[in-house]
Every structure is written in C-alpha cells, then in structure tokens.
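> Take this structure first; my questions come after.
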Protein chains: 4
Amino acid sequence: MADLRGFMAPQTPSGASAIVPDMPWYYSGTLLTAEYRTDPENVAALLPEGVELAEEDPGAVALIWADWQSCSTGGAELLDPQRSQYLETFAVVRCRYEGVTYTRCVAIWVTKDFAIGRGWFQGYPKKLGSMAVTRVFSVGRASPRLAPGAKLGASLAAYDHRLASLVVTLREPSETNGFVNGHPMLHSRWMPSITPGAGNSLDQLITMSTSDADIGETWTGDFALELHDSPWDELASILPVREHIAAYYREVGVTFTGGSLVADRSDPSV
Amino acid sequence: MADLRGFMAPQTPSGASAIVPDMPWYYSGTLLTAEYRTDPENVAALLPEGVELAEEDPGAVALIWADWQSCSTGGAELLDPQRSQYLETFAVVRCRYEGVTYTRCVAIWVTKDFAIGRGWFQGYPKKLGSMAVTRVFSVGRASPRLAPGAKLGASLAAYDHRLASLVVTLREPSETNGFVNGHPMLHSRWMPSITPGAGNSLDQLITMSTSDADIGETWTGDFALELHDSPWDELASILPVREHIAAYYREVGVTFTGGSLVADRSDPSV
Amino acid sequence: MADLRGFMAPQTPSGASAIVPDMPWYYSGTLLTAEYRTDPENVAALLPEGVELAEEDPGAVALIWADWQSCSTGGAELLDPQRSQYLETFAVVRCRYEGVTYTRCVAIWVTKDFAIGRGWFQGYPKKLGSMAVTRVFSVGRASPRLAPGAKLGASLAAYDHRLASLVVTLREPSETNGFVNGHPMLHSRWMPSITPGAGNSLDQLITMSTSDADIGETWTGDFALELHDSPWDELASILPVREHIAAYYREVGVTFTGGSLVADRSDPSV
Amino acid sequence: MADLRGFMAPQTPSGASAIVPDMPWYYSGTLLTAEYRTDPENVAALLPEGVELAEEDPGAVALIWADWQSCSTGGAELLDPQRSQYLETFAVVRCRYEGVTYTRCVAIWVTKDFAIGRGWFQGYPKKLGSMAVTRVFSVGRASPRLAPGAKLGASLAAYDHRLASLVVTLREPSETNGFVNGHPMLHSRWMPSITPGAGNSLDQLITMSTSDADIGETWTGDFALELHDSPWDELASILPVREHIAAYYREVGVTFTGGSLVADRSDPSV
C-alpha cells in the first residue's frame, strides 16, 4: 500500500510535489504598513458570528505590504529562489473573542501558489495579486535611504485592476511597527460540503502566531493611500480610510510552527 | 451581527470578494489529451490507503491540457475575461474503491487563483503553472485545421522549470475522448490540523462529475510527449511513459453543480 | 570570421536566438474593434511633422484587441505555443501624407517580446501590457455564440493599471470590419543617437500592409468603453471618446512580408 | 502642428507615454556574476565582422544576474515600483576593435519593457525572460548573510524553458567584481530595412559606459552553473563552460548618460 507524503496536496511517495513543505517555515523580509481608522461598523461587518469588535480603537486597520523570502528546514528553496520569494498585501483588523483580543486578516493577495497553500492552512483568505514595493538599497541614486523624508511606494492589483497605491514618507526611527497587527491571529478555516447547500465539512476558529521575531530597522512616517474596488475584489468599499494613524517600514524575520484550535463548528458528516 | 457572504473566502457583506462564486460553474473550452501506460505500481504508489488499482488496464494515464473559459450564473465573468479564462494541465488515473471504478486526478497545475479555489473544494491537488496549447482557428496560415496530419503543441512549466512538452498529430475524427478520464472522480479533501502533528481536521473521500456535456469536434491521433521533474514538481519520475495509447482533441462544454461524500476520516477535534 | 545570423538581435551562428525570425510572418486570430470619434485636434496632436489629418472623418479612432497565433515559415512556433500566441491592443487613426490616406498606429501594447521586436521593425510603438478578450466557443454555457445580442468583453492593463475595459454587443453580420484600420500603415521608425542630444541616427517614414487576408465570420454591434490614463500610459486623455461609431468582431488570417520606405530623415553620422 | 515628446516611442504631447524616459537613468541593485572560460572560438563566433577576440584570456565569459531598481530624474518611478524594478541576466565577453579592448553583451533577458527599450537604444540584444536571484536580508532565517559559506541561487527561463541555474558559495570579500564586464561596451545598433533583403537602414557600432559607480559590499566565491538551450534561446551551445574562474556578489549603483558612435555602416536610403 502506498506511503504518501506531503504536508499538503499533492502527495507522492517522495513528498517533493507538495504545494507546501513541512513546518517550520522561515521568513525574512520587509513590511510596509499603513495604519488608519475606518468606521467601526465596517470592521464589524467583516467579523464572523460570535466575534466582536476590539474594545479599544475598534475601527483601526493595517494595510501591509510584505516582501518575503521564505524557506523550510534546510533552505533548499533559497537556492532556486522562484520557490522562495513572494510578495503579499493584506488588511488586518483587531477583534475580540471570549474576552481575548486578536488580530484578524480580512483580505490578502499573494504572488505565489505556495503562499496560497500555507495561507489556507493558516486561515488567511488568500487570493493571487500582483504587487511591488520600493526597495531600500545602500548604494546608487535609484533608491531611498532609511532617513527622514525618504519615500517608498507600493501597489496592489488583481485581475488587472489596481486596488491600492501607497506612498510612505519616513520621518524617524520607531520602536514599534504599529499596533493593529500585534496580537495573535484569530482565523477561520472552513470548507463547504461537496454536497450543495449541506453546510461546512470544516469550520474552525484557530489562533496562531509567529515566533523568533528578528527585528531590523524600523521607521515610522506619514502616508498617502488610494483604495479601489473591482468587480472581483473589495477594498475601498469595505475598509474606507477615515483617519490616518501612521506608516511603518520594518525589516523582520519570523518563524511559523503552527497554532491551536479555538472553536470548532465542523460537520464532517457532510 | 455581520451577515457574511461568499462561497469560499474571503467573505464580505456583498460576497463579491470570494475567490470562487456560487455553483453552478459553467465551462466551455478544448481538451488536448495524451493517453499512455505507465507501470501499474507507479499508479498504485499515488493512491491513498484503501483505494485500489482499476481492474482493467491499471497503468493507464491521461495527461490533459484544458483551455477553459468559465463563468457562474449570469456570466459576469465573461465580460471581464481575465476572471473567466484559464488553462490547466492535469494527470488522471483510474482506481477502485468499494467495488466502484473511479477516475482520480493525481497532479494538476492551473493559471488562475479562482481555479485553485474551485479545485481545492473539489479535491483537485491544484498548484499554479504556466501553460500554452495550440489553438485551432478557421482562417489564416498560423493555425492547424481539424484535418488528418494537423499538429497541435502544448507545454507546462512551474517555477520556471519545463515539466511537459506535447505534440499531437491528428489522424481522424473520434467518437470518444479516451477512457481514463471517463469515470466519476474520486478525490481527497483534507486539511492538516493547525496543531503540528495532530492529524487531519478534514479528511474526506468525495466523488463528483460534471453534467450537461456539450460535445463538439473530437479527433484522435498520435503524440510525442516529454516529461520532466523539477525540485518542486514530479511528473517524469512518478508517471513515466511506457507505452502510448492515443491522443485526443475535443471541444467541450460542461456544468459543475457539486458532488457527494464517499467516506470521512476527519477529526474535527484537532 | 563569424557568420552571424538572425533577422533581429541577438545574432548567433545558427540564428535560432533572434527575437524575431525571418519574414514572412503568418497570423491567425480574431479582432475585437471599437470605432469612435474623438476631437480631430486630438488626432492631429499625435501626428508627426508633415503628416496631416485625413480629409474625411478626421477624428475617427479604432481601438482594437487582437488575439493572435502567429508563426514563420515551417510553423515551428505552433508546436511550442508559448512562442506563437500573444494578444495586442492598439489604437489607430487615419492620416494623410503627400496626398495619400494612411492608417497610423499611435499606441499599442502586446504580451510577448517577439511581438515587440516585430513591431519595432514595423514602426509600431509597442510596449508590454496585459490583455484578455472573450473567446467564442461553439459548445457549453461559458461562451457567447456569434448571434444577435452576444456580448464579448476585453481589457487592457499596463504596470498594473487598468487602461481600457470594453464590452461589445453583437447585432448582425457585417461585410466590413470598420474603416479606420483599412489603409496601408504610415509608421515612423526612429532611433535617437547614442550621443545625448545629437538627433536621430534613424528616422524614417515607412509604409506597409498585410497580404493574403483570409476573412472568417465578421459581425458588427454596439459597445461600452472605459478608458483610463496611468502615470506611464495615456489613452483617456489623448483619445477621449466623443461619439460611438460601431463595434466589430472578425476572424482573420494575414501574412506580413515587409513594406517600403516613404521618407528618410536619418542622420547616420550621429 | 504637433509637438511630440518622448525619448522613445510612443510619442505624445506630454511625453508621458514613452517606453523610456529621458536620460540620465539611475540604477541601484545587486549583481551576481559567474565568470568562466569557454573555447575562444565560441566567443569569436559571436563577434560581428571586424571585431576581434581580446588579446588576453579571449575565452572568458561573465554570466550576470542583475536585480535592479531604476529611475530617471525626479525619481517618480520609485513611487510606483512596478515601473522601477526589474531583473536581467546577461552574458558578456571581451573583444577588440581598432586596438581597443571592449566588453560586449552577446545575450540578455530582462523582465520589463522599459528595460527592453533602453537596451535596444544601448545596443543590448534584449529579450524577455523570467528570473530570480536570492536576496540578502539582515534578519531572519530565510536569507544568507554576507559571510563565508553563504549560498545564493539564481535562475533564468524564457518561453517556459529553464536556460540557466546558478548557485554561488561566497568565500571572502573582494576588491573586484571580476574582469570580463570591466571595459567600455562595444555594441551594435541595427535595424533591417522595411524592404525585404535591402540591407540595414541602421547599422552602427557604438560604445558606452556607466558613470558614478557607487560600490557597496563585494564578495567572491565559487559556483555551480547549469546552462541549457531551448528552440528559441541558446546558452549551453554557444557559451559552454570549460573552466570556472570565480563568482562575485556586488551591491552597486550607476548612472547612464549616453555613449558615442564608433563606426557606422547604415544605409538610410533603404
């Protein structure tokens, strides 16, 4: 009988084909963040049943561009970097469940399939998008430096519709990278029954965090942000900007080793 | 409290952001198929526990390039065709479970995220790839016609590694499109627990078929096929070609409306 | 001494590396066209010195999506269709030079490098873009049929900015595919001196046409068109829509074998 | 009469649509280089008439992956980084013309159209490709550090065929970035007549260099390199590896302001 291997599909005898390798997963990269306030009812409208608004600053949103290099144990992906590098743009809010404050990702676009696979395991609602973020090189005139007044841009598109354009102007070094993305994540993992209308075969609330945070340069500043909708994606309409909080640029490395189950409403009989 | 909509994530009040819209899903397109035999033990090595080789011609494989246009009810995707068109290349084998013969997809690459989302719901082990298939136009000198001797090519790459190159030479019209992809599908839908090593929160065998098949021109012929592996994808090593059966070209439209549960080994407590 | 071969760079002993193979070049595909009027001064503002507005209907514009398969003699490209297939969107106007009426392409985006290479040889001002056009399949429910009321969509983006979205509604078969793209082309081929500010090493007006037109189904109808600018591309601002003329869908095959020089202002001493 | 602007096509009244903006062009990025020896006759076979092998080490080749951010005066491209970032892989050799030693690019693939446009102006034989190069982050476990034993990978594909895979192992800091890419460039700029077989309307030898080199970290080490051909691209067959010289990693910024004409064989009458 077959001994099939692979953390996620497809499984083969070697396990080499799996869209996602075994944990732990390592990440090195940069985050460019715009924190702002929307109306708290906009946030509430995106939370699943039983999950409530955060008690403090309930309308706070962080829209984050991550420019990642990632690998699994052994680092083989780093030697064929098409398998290692990707960008993602994601919107997070805070929420409250059974008295605990969490961060929750309500929209996310990534550039590679292994990132989609990992994300669905983690409860990130991942879709594909096309992104770019200004990089900071230490030489030459085609790069900002980490200094007051430096400007960094970022863009997001999906299905050839521009969804977001960001320009950040750095002001000064910062201790923090903002507060919205600062809690353990509370995510939903769910799969509709293959039988139409029969409910969800899988329906879980899970929590997870990254570990081993290795923090590099962190700066804060101001930003200009344009959001748009398309027929297939919503950003301007579901999380409109009411008030700017701050922008951040951070170099960061993290490790992901898994999470834990918070609540289960699955019906595996369907 | 929020009323969240969307067949799959992300859910929003409107439901417009979902990576996959509500069923039914409609497909119009072409299939270019190479059927061949590999050693039956290669097929057996890809079947999950409890699923057996087909009784007849157990080493038969079909490698299929589909060039699809697809939409949901109302057809809005057809008017913004980036949301409607995609290609996929997939390898299917036949298998047997509790006395019934099924087709099973053991590898598949697609070009769009909505196709990944649909596929995971259906138990297809989808990853992203880059594909092309020769098209048949009725005018001009840069196209084969559906006639004896016509040649059609196809290619598949993932992570910038070429995985398959196919050239089909048509010989004559055909009643069938081969036999390997001709049974109801038997697929696995599974999700590891967010807790490392704790088993599978979801682990189902499901079956499904398409309906309303609208068959156009169908031709058969011969083929030349090269398969390769990469560090991240296996095709040459897991399904090597031992003997050619036949190639097929078919125009086809189908509808997908769901399937049914065959067996469940989920452990929603993890 | 080396005997270097290749119609365009790079040249090698075999000639296989050339971005563009030797002429003739064959094309099979479909054209989706929106013809409209802009203010004649918008057209005049895009014509080079010495080239005048057409005498009749001088503000007429055609914006055309072409979905091409193409090859050179022998058709090797058709067997590795990544080298054969591409889309392009282009805007043409009519103009007059030394008493002759020509068509002139004032903006064009394509999806492959060989199309850029061919275009620069032909004086098309080609850039890369991302496009999609609804396809017409004869089977299934995810495709319009060539019939009254059928709707076809098309989109164009560059640098992740949507530049144009088109929806055509077919009304009836048509003898013509419009009139704006119906004359020999009058194009500029020019290359600035490598010495800054020294003028143009190459500066030609050339004319060219395709031959062997093989016409398939042709339909006409109405359209809805949205145009946009981005920081890097202009369409809405340079060719705004003032009045609709008609839309067309055509299946067509053509051959390109070269053209002829009309005027030369090159200064090869720089 | 129209006043058309734009360094290269397309020209418009504003000049904003030009595929390439006005010089100077600024670059910040990294170079990953593999220097090796091929048979000198392989190099000779790629040189145009009248250009000879270098006197010293005539078989030396450098295959270079550049990971660039670039902009023009004002830096607007940096704020919409899809317009600013690209990768390129290029093969250079040395040659001799009228007693002067030059570097010459004999093959190059890039990821963006503005890079193709600039390259054709500069006489680089640019085509599109897909590339990735391992990045060096200062934090996290998914990145090498600039230290002995660090490994960096790189890949190149075109038309979904893998053409090159490189793994560099760093050994120590280096004063130089190798010697093959160290001379002024000697490039050909040529355009066939639009009239078939009539010769070249443009046919120049030009030279150019970058200026204002801003050098960051530079390391040297060893490498493993695999080269392949495809039906459309040659690398393994035209520049096979006979002997390794060294690998280099360098952070660098440069400025490009133009060059000068070396020889002209254009025939603008065709």
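The values are calculated or read from the model by the stated rules, or taken from the named source; none is laboratory data. Predicted, not measured: the structure shown is a model, and the values here were computed from it. Using ideal geometry, Cβ is built from the backbone for each residue, glycine included, and neighbour counts are taken over all protein chains shown. Just the protein is used for accessible areas: all its heavy atoms, side chains included, with ligands, DNA and RNA removed. Shrake-Rupley method; radii C 1.70, N 1.55, O 1.52, S 1.80 Å.
> May I ask for the Rg/Rh ratio of chain B, computed from Cα atoms with Rh as the Kirkwood radius, given to two decimals?
Ratio of gyration radius to Kirkwood radius: 0.97.
> Hey, another quick one. For the protein assembly as shown, count all C-alpha to C-alpha pairs, find those more than 42 Å apart, and express that count as a whole percent of the total.
Values: 231196 of 582660 pairs.
Value for the protein assembly as shown (Cα pairs over 42 Å): 40 percent.
> Using the per-residue mean of other Cβ atoms lying within 10 Å as a proxy for protection, in what order, highest first, do the peptides A:210-218, B:72-80 fall? Walk me through the intermediate numbers first.
Values: A:210-218: 15.0, B:72-80: 18.9.
Highest-to-lowest ranking by the protection proxy: B:72-80, A:210-218.
> What is the residue of chain D with the smallest Cβ distance to the axis taking D onto C, and what is that distance in whole Å?
Here the value is D:L202, 2.
> If I build a Gaussian network model for chain C, linking alpha-carbon pairs within less than 10 angstrom, which residue out of C:E56, C:E88, C:E172 has the largest mean-square fluctuation?
Of the options given, C:E56 has the highest mean-square fluctuation.
> Here is a follow-up. List, by residue number, every residue in the stretch D:164-185 with a reduction of 20 Å² or greater in accessible area between the chain on its own and the complete protein assembly, 1.4 Å probe.
In the stretch D:164-185, residues shielded by partner chains: D:V167.
> Could you work out, residue by residue across D:19-27, how many beta carbons of other chains sit within 10 Å of that residue's beta carbon, and then give the average as an integer? Present the calculation step by step, with values, prior to reporting the outcome.
Working: counts 8, 2, 1, 2, 3, 2, 2, 4, 6.
For peptide D:19-27, the averaged partner shielding equals 3.
> Among the lysines, select those whose C-alpha is under 30 Å from the C-alpha of B:K126, and discard any that sit fewer than 8 residues away in the same chain.
Qualifying lysines at Cα under 30 Å: A:K112, A:K126, A:K127, B:K112, B:K151, C:K112, D:K112.
> A drop of at least 30 square angstrom in accessible area, chain alone versus all protein chains together, probe 1.4 Å. Which residues of the stretch B:104-119 meet that?
In the stretch B:104-119, residues shielded by partner chains: B:D113, B:I116.
> Show me C:197-207, B:126-136 ranked by packing, highest mean number of other Cβ atoms within 10 Å first. Intermediate results must be reported in sequence, preceding the final value.
Numbers: C:197-207: 19.9, B:126-136: 23.9.
Peptide ranking by packing, descending: B:126-136, C:197-207.
> If you take every residue apart from B:V241 with its C-beta less than 11 Å away from the C-beta of B:V241, what net charge results, scoring Lys and Arg +1 and Asp and Glu -1? Walk me through the numbers before you get to the answer.
Details: positive: B:R37, B:R242; negative: B:E35, B:D39, B:E226, B:E243.
Here the charged neighbours net out to -2.
> Relative contact order, percent, of the stretch B:17-61 when contacts are C-alpha pairs under 8 Å separated by at least 6 residues? Can you show the working numbers first?
Details: 22 pairs, mean separation 19.0, N = 45.
It comes to 42 percent, rounded to a whole number.
> At a probe of 1.4 Å, how much accessible area disappears from chains D and C on forming the pair, both sides counted, to the nearest 100 Å²?
Values: alone 13570 and 13560 Å², together 21110 Å².
Chains D and C together bury roughly 6000 Å² of accessible area.
> If you wrap a convex hull around the alpha carbons of the stretch A:1-148, what volume per residue comes out, as a whole number of Å³?
Values: hull volume 25.0 nm³, N = 148.
Convex hull of Cα atoms, per residue: 169 Å³.
> Under a Cβ-only charge scheme (Lys and Arg +1, Asp and Glu -1), can you give me the dipole magnitude of the stretch B:25-83 about the Cα centre, in debye to the nearest 20?
400
> Turning to a different aspect of this structure: Report the local net charge at B:Q82: Lys and Arg +1, Asp and Glu -1, summed over other residues whose C-beta lies under 14 Å from its C-beta.
Values: positive: A:K127, A:R162, B:R83, B:K112, C:R135, C:R162; negative: A:D160, A:D233, B:E77, B:D80, B:D113, C:D67, C:D160.
Spelling it out: positives minus negatives among the neighbours equals -1.
> Further question on the same structure: Report, in whole Å, the centroid distance computed from the Cα atoms of the stretch D:95-152 and the stretch B:242-270.
So the separation of the two Cα centres works out to 44 Å.
> Enter the mean number of other protein chain beta carbons within 10 Å of the beta carbon of each residue in B:83-96, as an integer. Mind dumping the intermediate values first?
On the way: counts 10, 7, 5, 0, 0, 0, 0, 0, 1, 0, 0, 0, 0, 0.
The per-residue average across the peptide is 2.
> 7 Å along Cα→Cβ for the label point: how many nanometres lie between C:E172 and each equivalent label in the other copies, listed shortest first?
Shortest to longest, the spacings are 4.5, 7.4, 8.5 nm.
> May I pose another question? Run through the other copies and list how far each one's label point is from that of C:I215, in nm with one decimal, shortest first; the point sits 7 Å from Cα along Cα-Cβ.
3.7, 6.6, 7.1
> Further question: Please check which bits of the stretch B:253-270 a label hung off A:A198 would reach, taking the label as a point 7 Å along Cα-to-C-beta and the cut-off as backbone N under 19 Å.
B:256-269
> What relative contact order, as a whole-number percentage, does the stretch D:94-144 give when Cα pairs under 8 Å and 6 or more residues apart are counted? Write out the running numbers ahead of the final one.
Working: 50 pairs, mean separation 13.6, N = 51.
After rounding, I find 27 percent.
> Further, regarding this structure: Can you give me the % of accessible surface on the protein assembly as shown that is carbon or sulfur? Probe 1.4 Å, all protein chains present, nothing else counted.
Working: 16930 of 34950 Å².
Whole-percent figure for carbon plus sulfur exposure: 48.
> Okay, moving on. Over all residues in B:37-44, what is the mean tally of Cβ atoms on other chains that come within 10 Å of each residue's Cβ?
Rounded to a whole number, the mean comes out at 1.
> Which distances in nm, rounded to one decimal and ordered from shortest, link the label point of B:G197 to the equivalent label points in the other identical copies, with labels set 7 Å from Cα toward Cβ?
4.5, 7.2, 7.7
> I'd like to check one number: the per residue accessible area of chain A, probe 1.4 Å, reported in Å² as a whole number.
Values: 8720 Å² over 270 residues.
That works out to 32 Å² per residue.
> Suppose a student asked you for the relative contact order of chain C, using Cα pairs under 8 Å spaced at least 6 residues apart; what percent would you report? Can you show the working numbers first?
Details: 670 pairs, mean separation 54.8, N = 270.
Once normalised by length, the contact order is 20 percent.
> Also, I was wondering about something else. Cα centroid distance between the stretch C:14-72 and the stretch D:62-90, in Å?
Centre-to-centre distance over Cα atoms comes out at 29 Å.
> I would also like to ask the following. Once the other residues with Cβ under 13 Å from the Cβ of B:V252 are scored (Lys, Arg +1; Asp, Glu -1), what is the net sum?
Neighbour charge sum, excluding B:V252 itself: -3.
> Given the rule -39500 (n - 2.57) for each run of at least 4 DSSP H residues, summed and divided by the residues of chain D, what is its mean residue ellipticity at 222 nm, to the nearest 500 deg cm²/dmol? Provide the component values of the computation, followed by the final result.
On the way: 2 runs with 15 residues, N = 270.
Helices in chain D give a 222 nm mean residue ellipticity of -1500 deg cm²/dmol.
> Residues of the stretch C:228-242 with accessible area at least 50 Å² lower in the all-protein-chain context than alone (1.4 Å probe)?
Output list: C:W232, C:E234.
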